[in-house]
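The block underneath contains the structure these notes are about, expressed in structure tokens.
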Amino acid sequence: MTSVGRQRLLVVLLLITVVAVVLDLSGSVLPDRARSIAAAAIGPVQRAVAAVDHGDRAALEEENAVLRARLAQAEARLAQDDAAGRLLASPSAGAGRLLAARVVGTNTTVTGGRQVTLDVGDRDGVEPNLTVVAADGLVGRVVTVGPWSSDVRLLDGAEAAVAVRVGDGVLGSVSASALGDAVRAPGDLTLRLVDRSTVAAGDRVTTLGSVGGRPFVPGIVVGTIVAVDPAHGQLTVTAVVRPAVDPSRLDVVAVVLPAAPATTDGGAAAKAPS
Amino acid sequence: MIPRLSLLGLIRTGAVLVAAITVATVLPRFGVPTRFLPDLVVIVVASSAVVRGPAHGALLGLAAGWVVDLVPPGGSPLGLTALLFAAAGATAGLAHRAASRGLPRALLGLAAATAVVEIGGVCVAIFGDGAFDLAAAATRTLATLAVGLLALPLLLGVDRSLTRRRLA
């Protein structure tokens, strides 16, 4: 290829790339289409590569059992609370089925949007906007689903916000963006309270739960408050939350599947990945 | 004018794909924390760019960035990593000198490319969520340079023998 030909090719490809960036920023579906095609093609490769060492099959099942037990505990605790009992009484909020999954892709680029890829997809029953939990607490929610893999947006992504309950009753929301000039350690999240209540360092933050249990089921531990921001006259009280799950050490997670409408059994029956 | 993709170009793209999947899937599975993950794709791009010059480095960086954006979970917005790696490849190509093909020059090109990628990360943080982890950037850069020190001689040698075979 001649030098001029190469430069012309470079300019053309750069223009196409810039167009792709603009399309993705403006919300077009074409980049998502391209991503899903790539996920369908590369997903099986990632699953195969990640499944190379199978010596820890027993550890996988053990963690699954731990997750199931903790989810059942959280729901039992909340069922005693009258207000949350109504939320749990809605038919699809009785989600107890966990699908064990393994993280097969971690975002390593500087432009990455804090996502991980799991080795379960459409064929295992995963749908968009499901909760993903680890043994320690909340991981995030499913955003993209392919046939063999799905992407999870983590809590420390820029657009993620979770409605939470602090301790027993104070409501608020947790997100990664800090207010104003507050300085956060990497990975820490910001809690914004709904009204002027007092919280203290050491309080545990759990998910409030969404309508229908999607995208978040109630009662999952999000993290612990480590510090309350001093009041500088702002309208809402903000605090620093250290997440319970370290996103850089994820391995085995579980997707909380919605309860099937025809089933009357509300127990936690985990489905093995196909 | 439709450019023909040579066998060498295919091998390079394949190497980029293998590097991208290794960084996204294999290394984290072995327990390497994210902040210590070396950027293998930049190493592959820099090794080729230092031998052939800025234009070639920019082309390979563009293709490599597209691969990194498409391998799940990928980057957002789609294509930004491609632009970043094109700039990194062009910068590494600036270290090209026809006379010398040694390791120090290749390391210099790799260091320049890594610096461009991290500066790109800072720009993304400025326009995005406003958070940049400086310590993680430093450990990432050191890990990339350390792996580059081991991998660049191998990559340069393979490149040289493949080129010789093609011309012969």
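Quick notes
- Label-to-label distance for A:LEU60 and A:ALA48 is 1.7 nm, based on points extended 7 Å past Cα in the beta-carbon direction.
- Residue-normalised convex hull volume from the C-alpha trace of the stretch B:90-156: 78 Å³ per residue.
- With one equal scatterer per alpha carbon and no solvent term, the Debye-computed log10 I(q)/I(0) for the protein assembly as shown at 0.11, 0.12 1/Å reads -0.88, -1.01.
- A:GLU75 contributes an accessible area of around 50 Å² to the protein surface, as traced by a 1.4 Å probe with all chains present.
- Over all directions, the projected convex hull of the C-alpha atoms in the stretch A:135-223 averages 7.1 nm² in area.
- Counting only protein heavy atoms and a 1.4 Å probe, the protein assembly as shown has 47 square angstrom of accessible area per residue.
- Between the stretch A:170-233 and the stretch B:34-108, the Cα center-to-center distance that results, in Å: 40
- Taking the three principal axes of the alpha carbon atoms in chain B, the coordinate ranges are 51, 36, 30 Å, sorted in descending order.
- GNM result for chain B, Cα springs below 10 Å: residue of B:ALA92, B:ALA82, B:ALA125 fluctuating most strongly: B:ALA125
- Across q = 0.12, 0.14, 0.20 Å⁻¹, the stretch A:111-263 modelled as identical point scatterers on its alpha-carbon atoms has Debye log10 I(q)/I(0) values of -0.50, -0.67, -1.22, in the order of the q list.
- Note on the protein assembly as shown: dipole from Cβ charges, positive end direction compared against A:VAL237, A:GLN73, A:GLY121; the farthest Cα belongs to A:GLY121.
- Cα shape, the stretch A:186-264, gyration tensor, a/c 1.5 rule: oblate
- B:ARG165, A:ARG214, B:ARG12, ranked by accessible area, largest first (probe 1.4 Å): B:ARG165, A:ARG214, B:ARG12
- Protein accessible surface hidden between B and A, which excludes ligands and nucleic acids, total in Å², probe 1.4 Å: 3800
The values are calculated or read from the model by the stated rules, or taken from the named source; none is laboratory data. Bear in mind the structure is a predicted one, so any value in this text is a computation, not a measurement. Neighbour counts are summed over all protein chains in view; Cβ atoms, including those assigned to glycine, are modelled from backbone coordinates with ideal geometry. For the accessible areas, the whole protein counts, side chains as well, though only heavy atoms, and no ligand, DNA or RNA atoms are used. Shrake-Rupley method; radii C 1.70, N 1.55, O 1.52, S 1.80 Å.
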